[in-house]
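Step one of this worksheet: look at the structure below.
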Amino acid sequence: MGNGLKTVLFLIGSAFLTRLIPFSSFFRNLDTMIHEFGHAVVTLALSGKVMYIELYANHSGVTYSQIASNWSSIPVSLAGYMTASLFAVLLFKLRAGGKQRLGLQIMTVIAILALILLVRNEFGVMWLIGFIALNIIMLALAPRWLHDFYYLLLAFLTLEESVLGPISLIVYALDNPASAGDAANLSRVTPIPAIGWALWFSLFALWCAKNAIVAFLERKKPRPRPNRQQQEGPYYP
């Protein structure tokens, strides 16, 4: 079975299974947070100004910012979906290396920064407080099996949302290009129409998903055990 087919089957299977888990909808805002955080970081890197971010209960969000020039809107608009897709790969790469704890710490730090510096609407603030508190509990008190299950749930939900978001953008671009979010913003400053950018985001997301699934299927190779002589040191008769 090719990696492309494995990716599609894993995405379909995880999308079905994660919806059976109570409160899984709450954690889907993690992808939204990463998406908007990506916009904000690139805006600041290009000497722009981020006024604030809003996160909504329907898993959407918006970053209000001022940019220094029209060309700056290209990398800023690209950053949201691409950052979310790359972040999903990062979570699975960390898991493949047995570094789930580090991955959870990274999520928590980003959430804290977003809470202190960026997010201002009521739902967004309350969601971040709840997410941070739950992460701290998992890091400090949860047994290893629960901690790992929680991490894997977040990783798969982030992966699903990072793919479904761009695919839904294709639908918006076909129905009403002006409502296609980042794709519409890019179409205003480039000769490529919104549908072209939506397809680019979707292809990039699927490529990242393939890499994430490959990392998920990887297993850490155990270190070879030293033989008895190596353990006890040299023997002199």
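I need the full set of residues from region 117-127 which are farther than 21 Å from residue 87 by Cα and either assigned to a helix (DSSP H, G or I) or out of contact with any Asp or Glu (no Cβ under 9 Å at 6 or more places or on another chain) (or both), in order please.
Once the filter is applied, which keeps residues that are farther than 21 Å from residue 87 by Cα and either assigned to a helix (DSSP H, G or I) or out of contact with any Asp or Glu (no Cβ under 9 Å at 6 or more places or on another chain) (or both), region 117-127 yields 122, 123, 125, 126.
Go through region 135-152 and give me each residue that's in a helix (DSSP H, G or I) and either touching a helix residue (DSSP H, G or I) at 6+ places or on another chain (Cβ under 8 Å) or open to solvent by less than 20 Å² (accessible area, probe 1.4 Å) (or both).
Selection gives 135, 136, 138, 139, 146, 147, 148, 150, 151, 152.
Could you list, ordered by first residue, the pairs with Cβ atoms under 7 Å in which the first is in region 153-167 and open to solvent by 10 Å² or more (accessible area, probe 1.4 Å) and the second is basic (Lys, Arg) and not in a helix (DSSP H, G or I), at least 6 apart or interchain?
That search, which allows pairs on different chains as well, returns 161/28.
The values are calculated or read from the model by the stated rules, or taken from the named source; none is laboratory data. These numbers were taken from a predicted model, which means no experiment stands behind them. Please note: Cβ atoms are built from the backbone with ideal geometry, for glycine as well, and neighbour counts cover all protein chains shown. Ligands, DNA and RNA are excluded from the accessible area calculation, which covers all protein heavy atoms including side chains. Shrake-Rupley method; radii C 1.70, N 1.55, O 1.52, S 1.80 Å.
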